[in-house]
Amino acid sequence: MAAVAQLPVTVLGGYLGAGKTTLVNHLLRHAGGRRIAVAVNDFGALPIDKDLIEGAEGNVLTLSGGCICCTFGSDLVAGLMELAARADTIDHVVIEASGVALPGAIGQSLSLVAGLVLDAVVVVVDAETVQERAADLYMSDTITRQLADADLLIVNKIDLVAADTVGRLEAWLAQRAPTARLIRAEMSAVATDVVLGYSGPRALDGKTPPQPLHSTAAYDTVSIAFAERVDALRLAKGLADPALGLVRAKGFVHDAVRGWLTVNVVGKRYSLAPMPDAAARAGRLVCIAHGRPIDRSALANVLKLAAVDKVLEVIPCP
Amino acid sequence: MTVTIFEASKIITMNPARPVATHVAVRDGRILGAGSLTELAGWGTHTLDRRFQDKILMPGLVEGHSHVSEGVQWRFVYCGFHDRSDPDGKTWPGLRSVDAVVARLSAAERAMTEPLQPLSGWALDPIYFDNRRVTRHDLDRVSKERPIGIMHASGHIMNVNSKALELAQMLRPGIDHPGVPLGDDGLPTGEMKGPDAMTPLGRHVGLDRGLLASDEPGLRAFARLCVRKGVTTAADLANLLPDAAVAMMARVGAEPMFPARIVSLRVLRGIGPQEAIDHAIALKKQSTDRMRFGAVKIVVDGSIQGFSARLRWPGYYNGAPAGLWYVTPEQLAETLERALEAGVQIHTHTNGDEATELVLDVLEAALRKHPSSDHRFTLQHCQLANAAQFRRMKSLGMCVNLFPNHHFYWGDEHYRLTVGPERAERMNACATALATGVPLAIHSDAPVTPLGPLFTAWCAVNRMTSSGRVLGEAECISVEDALRTITLGAAYTLKLDSEIGSIEVGKRADFAVLEDDPTTIGGDRLRDVRVWGTVQGGRVFAADTI
């Protein structure tokens, strides 16, 4: 089957007040050139800061930097179909789910719309209240299911939690979100490249080398180029191994059997897909860790096991 | 200022002071009084209208929960298992097999002239085909070139053919969604479950209007159906009510021969609590006699047969997860508080008992902030409430609108699969509601089940499933109670009991005109009562010529 470029979609879930809206505005302010379409599946006030709004047309707000925001009430799939039809003007879709929505179910709905692909389910929790919420008579199972759906779990408002209880909280969360990587945050401030991965102008197109990310103390990246054919599945599995501790890895590789493939790893989930435009001369990979440095020797081991034995260059972050 | 006195074989008034009469006097669309001709002659010069002298009159029936989209459905091919009559009075025989469905669709297909026009059907219920699932291959027998889509009776599932899947770009491998079963070939079987799975297909098969919408001809068709069922007032329970729709409804409702009163509720969807309340207040000012606005509907959970209703412990009988919330407690609380403050009435859709419990909890807290003595907030469906919850409804001043039609159409499934025997027998506890003193209405949720309060009353009196099982004899109610419930009871939940629901001085001249006496025909035959037509606002509408 011919490979077609697909629009990556991030599903953003979490209960009311966790910080989803703050995160959306943070992403829009640090879009890094991406044209983000925010899709709001909720009722009530629009989640966009006023100063970002440039205009309105029907149910679509035009935002600065080529971004848009659209509301579609309860008809999620109809909204997604509209966005898929605008794919040439959008680099990345962020769905802000309602407080009671199950983000995993929304992620599954993406397969109903041709041209969209799930990038990650990102769940935001309020570090201060999540345990209380999860014990709520009515909301308990909804919260638990939201946590279980997460690929990335943003443990927000970490500054409001006593330092000596953070470890216990994270252990509690890890138990309920077994497939997720945990990311600590204050005021939902998490780097866009961590939340959305490479997309838009940063996307790996197989021609230009990935640009080094702007770095903060909170996360670490490594960018790798290599020449040889690899075992892509083994590589993806290795990158998703919790022991390596990567939040994300993305790239394109020349698989020994299947040819050129894109590799996308988010937390413990990985996917391989045929490359739309297999013009690359070398494999490329970018790895991101959050809250800890990448263990270079462990990474080298993963590469070696996947038969990446001729690394051309490693570009650490400045 | 002309006075018309209608003579009838019997007039059932629902007015305890004069429960039966032979004559009713009408002026300006309102009732001057019910009594004997001698008594009523005192109102002065009059015309004696004897066309109903061998008919039974009762207060115009009130459908407390339906959707005007029923009028639109009849443009599609009826594929239901049970016989059902359309707005023109034609009865469509029920279809007892997949082959029969294919045959009726094929006949409709042959009559179509436009080659690419989709063929749409509705009311399919494969539960009755031993749960044999319908597939795209079945519908491909009707046509491989024309897109075909059939909505199920529940409104939650759609079947389509291969062409429709192809047009929606869904005849492809790699679809991974719980609402899209795949065949051995890895392609969708054509059964699309739930709104997400149905949406991509809707516009290709002519079924994208959703359950809520109606248009001008659909509204007129709905009103004609009302006449055939003896209904003079019907609630349209979940409408987005954009300005254009409100203008259309006001225009159509004002047509001299529009035969029904529609009470249309603004559903809380796509807007926040404050906006919804503001919109309801603005809409109320646009109400006319036959188009009433001003209340708000909130959908709290899903449906029992779709396993999306929120159930309390021990949950679903087959172990399915506890269902889905469609609103957060915070959003619900804000809406109820603002509504109490502004005097806007709220109707909440709660199918599961946990959803009902949440509304009771939230309203109790909201009433502490904004005490209100006559809010009449109404729990809609409320199918699984237990006795303790009915006692709380009573304490909080709530009304309930139960759904006895479910017993007939899905009662066997509820017993066997969804909630199990004990709760299936308790479902839609009309007797408990009445014994507890909770103001009661009962409804059809048309088009989910057929419009027809006398049939709904039969369901509440007999609680019989389609296989003949009596589902909880203890919750059966009397004919007398059932008839009060489909008139005054429903009117009370719509805050219209001072205008309609009984035949007595001062009220609207709204009557159901019947060929048979529902009080003597016998409870087991209540659904067989023949409807001649209605009188609405003093205007006479015969079902035969509507």
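Within segment B:164-173, the set of residues being part of a loop (DSSP other than H, G, I, E, B), farther than 11 Å from A:V113 by Cα and either facing chain A (nearest Cβ under 7 Å) or among the aliphatic types (A, V, I, L, M) (or both) comprises B:L171 only.
Considering each residue of segment B:192-235, count those that are assigned to a strand (DSSP E or B), within 14 Å of another protein chain (Cβ to nearest Cβ) and crowded, with 24+ Cβ neighbours inside 10 Å, and give that number.
Kept after step one, since they are assigned to a strand (DSSP E or B), are these residues of segment B:192-235: B:192-193, B:231-235.
Next, from what is left, pick out any that are within 14 Å of another protein chain (Cβ to nearest Cβ): B:192-193.
Going one step further and asking which of them are crowded, with 24+ Cβ neighbours inside 10 Å, we end up with B:192.
Qualifying residue count for the region: 1.
Against the list (1) within 19 Å of A:A120 (Cβ to Cβ); (2) out of contact with any strand residue (DSSP E or B) (no Cβ under 9 Å at 6 or more places or on another chain), the condition A:D91 fails is (2).
Can you find a residue that is in the same structural domain as B:H152 (by TED's automatic domain parsing), over 22 Å from B:K229 (Cβ atoms) and not in a loop (DSSP other than H, G, I, E, B) anywhere in segment B:18-35? Looking through segment B:18-35, none of the residues is in the same structural domain as B:H152 (by TED's automatic domain parsing), over 22 Å from B:K229 (Cβ atoms) and not in a loop (DSSP other than H, G, I, E, B). Are any residues in segment B:60-106 touching a helix residue (DSSP H, G or I) at 6+ places or on another chain (Cβ under 7 Å), assigned to a loop (DSSP other than H, G, I, E, B) and closer than 19 Å to B:F455 by Cα, and if so, which ones? Matches in segment B:60-106: B:V68, B:F81, B:P87, B:G89.
When the residues of segment A:146-159 are filtered to those that are in a loop (DSSP other than H, G, I, E, B) and either on the phi < 0 side of the Ramachandran plot or out of contact with any Asp or Glu (no Cβ under 6 Å at 6 or more places or on another chain) (or both), the one that is farthest from the other protein chains (Cβ to nearest Cβ) is A:A150. In segment A:69-82, the qualifying residues are those that are out of contact with any Pro (no Cβ under 9 Å at 6 or more places or on another chain) and surrounded by fewer than 22 Cβ atoms within 10 Å (Cβ to Cβ), and the one that is nearest to the other protein chains (Cβ to nearest Cβ) is A:G73.
Assess whether A:V100 counts as being facing chain B (nearest Cβ under 9 Å), among the β-branched types (V, I, T) and over 20 Å from the mean Cα position of the chain (by Cα).
So A:V100 fits the description; yes.
When B:A295 is tested against (1) buried (at least 22 other Cβ atoms within 10 Å of the Cβ); (2) away from every other protein chain (no Cβ under 14 Å); (3) over 23 Å from the mean Cα position of the chain (by Cα), just one condition goes unmet, and that condition is (3).
Consider B:V344 carefully, then state whether it is assigned to a loop (DSSP other than H, G, I, E, B) and within 13 Å of chain A (Cβ to nearest Cβ). Considered against the rule, which asks whether it is assigned to a loop (DSSP other than H, G, I, E, B) and within 13 Å of chain A (Cβ to nearest Cβ), B:V344 comes out as no. Among the numbered conditions (1) away from chain B (no Cβ under 14 Å); (2) free of Cβ contacts under 8 Å to residues at least 24 places away in the same chain; (3) surrounded by fewer than 20 Cβ atoms within 10 Å (Cβ to Cβ); (4) farther than 19 Å from A:S188 by Cα, the only one that A:L137 does not meet is (1).
Scan segment B:69-92 for residues that are closer than 23 Å to B:I127 by Cα and aliphatic (A, V, I, L, M) and the total you get is 1. In the set A:T62, A:T89, only one residue is more than 14 Å from chain B (Cβ to nearest Cβ) and touching a residue at least 24 places away in the same chain (Cβ under 8 Å); that residue is A:T89.
Among helices (runs of 4 or more DSSP H) entirely within segment B:435-546, having at least 1 residues that are closer than 12 Å to B:L61 by Cα, of a type outside the set (A, V, I, L, M) and outside the structural domain of B:D125 (by TED's automatic domain parsing) singles out B:453-462, B:479-484.
Exactly one residue out of B:L367, B:L379, B:L332, B:L336 is away from chain A (no Cβ under 14 Å), assigned to a helix (DSSP H, G or I) and either closer than 19 Å to B:H279 by Cβ or within 23 Å of the chain's Cα centre (by Cα) (or both): that is B:L336. Figure legend. Inter-residue proximity from segment B:497-508: first residues within 18 Å of B:R292 (Cβ to Cβ), second residues outside any loop (DSSP other than H, G, I, E, B) and of a type in the set (F, W, Y), beta-carbon distance below 8 Å, spacing 6+ or different chains. Indicated pairs: B:G501/B:Y492.
Screening segment B:250-290 for residues that are within 13 Å of chain A (Cβ to nearest Cβ) and assigned to a strand (DSSP E or B) and picking the one that is surrounded by the fewest Cβ atoms within 10 Å (Cβ to Cβ) gives B:V267. The requirement of being within 13 Å of the chain's Cα centre (by Cα), within 14 Å of chain B (Cβ to nearest Cβ) and buried (at least 19 other Cβ atoms within 10 Å of the Cβ) is fulfilled somewhere in segment A:104-111, by at least one residue. Checked against (1) surrounded by fewer than 22 Cβ atoms within 10 Å (Cβ to Cβ); (2) in contact with a strand residue (DSSP E or B) (Cβ under 7 Å, 6 or more places away or on another chain); (3) of a type in the set (G, A, S), A:A101 meets all criteria but (1). Scanning segment B:178-196 for residues that are at pLDDT 90 or above and within 30 Å of B:H406 (Cβ to Cβ) yields a count of 7.
For residues that are within 17 Å of B:T436 (Cβ to Cβ) and surrounded by fewer than 24 Cβ atoms within 10 Å (Cβ to Cβ), scanning just segment B:354-364, find the one that is nearest to the other protein chains (Cβ to nearest Cβ).
Taking segment B:354-364 as the starting set, the residues that turn out to be within 17 Å of B:T436 (Cβ to Cβ) are B:356-357, B:359-360, B:363-364.
If we keep only those that are surrounded by fewer than 24 Cβ atoms within 10 Å (Cβ to Cβ) too, we end up with B:357, B:360, B:364.
Numbers: B:E357: 8, B:L360: 12, B:E364: 14 Å.
Of everything passing the filter in segment B:354-364, B:E357 is nearest to the other protein chains (Cβ to nearest Cβ).
So is B:V231 under 22 Å from B:K285 (Cβ atoms) and among the hydrophobic types (A, V, I, L, M, F, W, C) or not? Here the answer is no, as B:V231 does not meet what is asked. Note on segment B:290-316: residues that are in contact with a strand residue (DSSP E or B) (Cβ under 7 Å, 6 or more places away or on another chain) and over 24 Å from B:P178 (Cβ atoms) amount to 8.
Checking each residue in segment B:300-325 for being facing chain A (nearest Cβ under 10 Å), closer than 23 Å to A:A97 by Cα and out of contact with any Lys or Arg (no Cβ under 9 Å at 6 or more places or on another chain) picks out only B:R310.
The values are calculated or read from the model by the stated rules, or taken from the named source; none is laboratory data. From a predicted model like this one, the values you see are computed outputs, not experimental measurements. Don't worry about glycine lacking a Cβ; one is built from the backbone with ideal geometry, like all the others, and counts go over all protein chains shown.
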